[in-house]
Amino acid sequence: MNPQLWAEDGQIFLRDEWVIGFPDTILILYAGYIHLVPRVIAFIANFFPYELIPFVFNFSAILIAAFSVSIFSISRYRYIIKSDFLRSIVVILICFAPVGIESIGNVTNVHFYLSFGVFLYALIGGKLNGFSYIGIFIYVLFGMLSAPLAICYIPLFLIRPILCTTDRLRWIFGVIFLLTVGYLISMFYLGTRGTIAEIDWKFLSIPLNIEKLIRVSFSIYFINPNSLSFVSYFKYFWILEILFLFFYFKTFEKNGIQNTLFFASYLVAIFVPILLRGGLVLNEEQTSFLALVNGTKDSLYFLNVINLLVNRYGIVPYFIFCISVFSVMFNGEDIKRNFYTALIVSVIFLVLVRNSIFIKPFDDLKWNSYATQVRNKDNVVIPINPFWFPNIQIKKEEWR
């Protein structure tokens, strides 16, 4: 194991802890919102010897991700997928995500896993006891104060108060909803609105473009978008759309509401990052290129979307995609037949994405060699991964 800090792990969260300190760091808005979980992890990591700080960061991120993903395997989600084994297969497929490789094992991107956990807890079934509600409330609170995408799923917390009329503690979900709405309004006016990119609504007004964006979003799960094969085979993925719609309407009478909910959640998961993180905005270099070749903006828009979804923002849509496929296609009465079919499909899929299951290795940046400077609170410049990201730079007078 080669624990290393990744991007904001060191340059933002650890540096702020060294210079400012917890709990003051909680109120620092980075990228327009609060990062409670990363700030808490940075605070805890500093109780360990300097040499172990990267390990604490990496281990904490892996632990949170594993817990968030494994939520779906518990029996309270049988109303979505009956078979416990099939739900476990979904969890395994999620762990082998072919997108968001840089999100694995680092605190910087752990908010994507928190978003998925919040989404799952909003849909948890069965009657809950007081301890369950307390645990869910704490998890969701930390998730909402760390993961901006999680806020998009807050309306789902109104389902339980409306439907579970015999559960006397269901009002706690309503409290979660109200607290999050208040937090969302506060963050929008304090910082988030300044980080929102422009949106090309004219491009989105064309239904065919929306369909292509959806097709791009799930085709990257099967084809490496950096290869020429993506261009060659992407256009045929409408067949998968038709197949999915066939099973969707076939099972609509029985599971139509929940499958529609998953489909809507998938659209939210792909379009919120696309719209808010500049997927439909051209930078100066792209604008100059279009002027040079007299081309159209559409192709570069799709390239932007691919880059967004492959690197980080595609991981939550992928989670929901896996659940949706199993809910629509492998959730019939014949559990045995569905079991073998789903297993075969899963194995084939894992073969297709075999190159994505290996965690991208970190470069060894000799973290231990800076221990003396940190302990003495001297001038220090510590490189972090990726190598092009700004270093941790602290002057002697800046130390807390």
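Where a number appears in this text, it was derived from the coordinates with a stated rule and is not lab data. Only a predicted model underlies this, so the values are computations on that prediction, with no experimental measurement involved. Every residue, glycine among them, receives a Cβ derived from its backbone with ideal geometry; neighbour counts consider all protein chains shown.
Data table
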read-out	value
Per-residue HN-Hα couplings for segment 166-175 [Karplus 6.51, -1.76, 1.60; θ = phi - 60°; Hz; x = Gly/Pro]	8, 8, 6, 9, 4, 4, 4, 5, x, 5
Simple spin-label estimate for Trp388 and Lys235 in nanometres, 7 Å along Cα-Cβ	3.1
Nonlocal amide H pairs with Asn385, under 5 Å, H built at 1.01 Å	Leu5, Ala7
Derived scalar couplings ³J(HN,Hα) [segment 255-261; Karplus, 6.51 cos²θ - 1.76 cosθ + 1.60; whole Hz; x for Gly, Pro]	10, x, 5, 5, 5, 5, 5
Other-chain or far-sequence residues with amide H under 5 Å of Tyr30's (modelled H)	His35
Estimated inter-spin distance, Ile26 and Glu398, nm [label 7 Å along Cα→Cβ]	2.5
Order by protection proxy (mean Cβ within 10 Å, highest first), peptides 43-56, 5-18	5-18, 43-56
Full-stretch length increase - Ser73, Phe96 - with 0.36 nm per residue and alpha-carbon distance subtracted	6.7 nm
Out-of-range pairs (alpha-carbon distance over 28 Å; input Lys202/Lys254; Lys366/Lys396; Lys82/Lys127; Lys250/Lys297; Lys202/Lys235)	Lys202/Lys254; Lys250/Lys297
C-alpha long axis of helix 238-250 to longest principal axis of the chain, angle in °	60
Extension reserve of the Ser299-Phe47 stretch, reckoned as 0.36 nm per residue once the Cα distance is removed	85.8 nm
Angle in degrees between helix 297-308 and the longest Cα principal axis of the chain, rounded to the nearest 10	70
Contour minus Cα-Cα distance for Lys127 and Leu245 (0.36 nm per residue)	39.2 nm
In degrees, nearest ten, helix 84-95 long axis to first principal axis of the chain (Cα)	40
Computed label-point distance, nm, for sites Trp201 and Trp171 using a 7 Å Cα→Cβ extension	4.0
Cβ-based exposure ranking for Val37, Val305, in which fewest neighbours within 10 Å come first	Val37, Val305
Cα shape, segment 197-331, gyration tensor, a/c 1.5 rule	prolate
